[in-house]
Amino acid sequence: MSVITEITLPQLAESQVSATIDRWLKKPGDWVDVYEPICEVNTDKVNAEIPSTVAGTLTKILIGTGEDVPVGTAICIIESEGSGQEDVAPQETEEANHAGTLATVAATTGSDVSMRQRYSPAVQTLAAQHGISLEQVQGTGLGGRITRKDVLAYVASGAREVRQLEKAVEQTSQQVRTTGIHLSESPKIPNIEIDDSYAAGRGETYIDVTPIRNTIARNMRQSVSEIPHAWTMIEVDVTNLVMLRNKYKEEFKKREGVNLTYLAFLIKSVVNAIRDFPIMNSVWAVDKIIVKRDINISLAVGTEDSVMTPVIKNADLKNVAGIAKEIEELALKTREGKLTLSDMQGGTFTVNNTGSFGSILSYPIINYPQAAILTFESIVKKPVVIDDMIAVRSMANICLSLDHRILDGVICGRFLQRVKENLEAFNLESSIY
């Protein structure tokens, strides 16, 4: 006996009431497996894939491409055998729905008529397991879409080993930039695909604005137009911190499997300073200033075509080692396109490690609606005067942009002094656990 199932649009976030159908990955008559993505939708934060909660044949598409869909609306109909519905427990069905709504941030730099850069979660997971770049894989699916079979075929062909050899040759022929201690590799730049139909005979290139880039633009414009920005900076002597990290980094890598970065020590210093100055952890609410009790640190993580801000929840309850592990996890998820909406929500104060690409001074835009954003610049060896004698020390700048409606120079100056004190208090006897 056949069972007719309506697939509805799940709620993508607490504050979201609708989404736009961006692309149908299946067409009427196609067979759909359980959890297999059937369409992609645009939200104001990410592009998400909606999975099927049952196995069966897609019989009808109810919502066309480009249409805005309220949450709970039926978007398509799937017909399955009687036993097909029983194969999926109610809890599993809910988990599949949730997994789809919090799915991968889709790459959107390709042509509108191509699915070459639309990667399913299964494909991305498989690629990550084998350590391969999906840009090197030839897709055989609809519109050039890469399937699991394509990834497995690429691995079997030995093409990955060839590419690794090519990269080794490139690395030996190119000098790695070492402007500051932070900088261990050349910064990545966006990969721009040029459409020959536009570029022929003209000195310009057209790049489609993706939903994520459009959201970034809107939020930045809102932050600058609504928040009266002010800026301040302080210089910190991190010589002892550098020695402490060098003492632990190899052992930590072997023990925990992740890198012990300077950012972990910075965040620990920042959250301890926020404890002393809670007003830094607040938002403007017209007739009130709302001070947040939880200290959730937003990390500004750059990809090749966007900047995302995943959140370390309750960062004040974690030690340096715990923060380092969460930084690594969130950064990896960001660059592999695996961030979920829950990873992005709840931030109360933003930290950005601009020193990772050699910057020594920056003026960051506040992550709306937070009250401040702090950047940690590159660590540079400089001659400094200590007790009327010149010494070479590892120095770094810390820059703070603040919402002048909430914060003034006095409180921010004291806050930065406390961050400085916390960073300079690290020594070879400090524990990271």
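The values are calculated or read from the model by the stated rules, or taken from the named source; none is laboratory data. Here the structure is a predicted model, which means the values were calculated and not measured. Cβ coordinates were reconstructed from backbone atoms using ideal geometry, including for glycine residues, and neighbour counts include every protein chain displayed.
Couple of notes before you dig in:
- Going through (1) at pLDDT 65 or above; (2) among the polar types (S, T, N, Q); (3) outside any strand (DSSP E or B) one by one, Thr59 falls short only on (3).
- Here Val419 passes the criteria (1) touching a Ser or Thr at 6+ places or on another chain (Cβ under 8 Å); (2) closer than 21 Å to Asn246 by Cβ except the one numbered (2).
- Selected residue (only one of Leu374, Leu330 is hydrophobic (A, V, I, L, M, F, W, C), touching a Leu at 6+ places or on another chain (Cβ under 8 Å), more than 16 Å from Ser401 (Cα to Cα) and buried (at least 20 other Cβ atoms within 10 Å of the Cβ)): Leu330
- Note on region 210-238: residues that are of a type in the set (Ser, Thr, Tyr) and either under 19 Å from Thr375 (Cβ atoms) or at pLDDT 95 or above (or both) total 2.
- Pick from region 266-317, criterion touching a residue at least 40 places away in the same chain (Cβ under 8 Å) and among the basic types (Lys, Arg), ranking: surrounded by the fewest Cβ atoms within 10 Å (Cβ to Cβ): Arg275
- Only one of the numbered conditions (1) of a type in the set (Lys, Arg); (2) assigned to a loop (DSSP other than H, G, I, E, B); (3) in contact (Cβ under 8 Å) with a residue 60 or more places away in the chain is violated by Lys325, and that is (2).
- Only residues that are β-branched (Val, Ile, Thr), modelled with pLDDT of 80 or more and closer than 26 Å to Met344 by Cβ were counted in region 3-31, giving 4.
- Taken over region 374-406, the criterion of being more than 22 Å from Phe277 (Cα to Cα), among the hydrophobic types (A, V, I, L, M, F, W, C) and assigned to a strand (DSSP E or B) is satisfied by Val380, Val384, Val385, Ile386, Met389, Ile390, Ala391, Val392, Met395, Ala396.
- Residue check for Thr350: crowded, with 18+ Cβ neighbours inside 10 Å, of a type in the set (Val, Ile, Thr) and out of contact with any helix residue (DSSP H, G or I) (no Cβ under 9 Å at 6 or more places or on another chain): yes
- The C-beta contact set for region 407-421 (first residue part of a helix (DSSP H, G or I), second residue aromatic (Phe, Trp, Tyr), distance under 7 angstrom, 6+ apart or interchain) comprises Ile411/Phe277; Arg414/Phe277; Phe415/Phe277; Arg418/Phe277.
- In region 218-234, the residues that are more than 14 Å from Ser362 (Cβ to Cβ) and in a strand (DSSP E or B): Ala230
- Candidates Thr334, Thr375 - the one that is under 30 Å from His229 (Cβ atoms), out of contact with any Ser or Thr (no Cβ under 6 Å at 6 or more places or on another chain) and in contact (Cβ under 8 Å) with a residue 24 or more places away in the chain: Thr334
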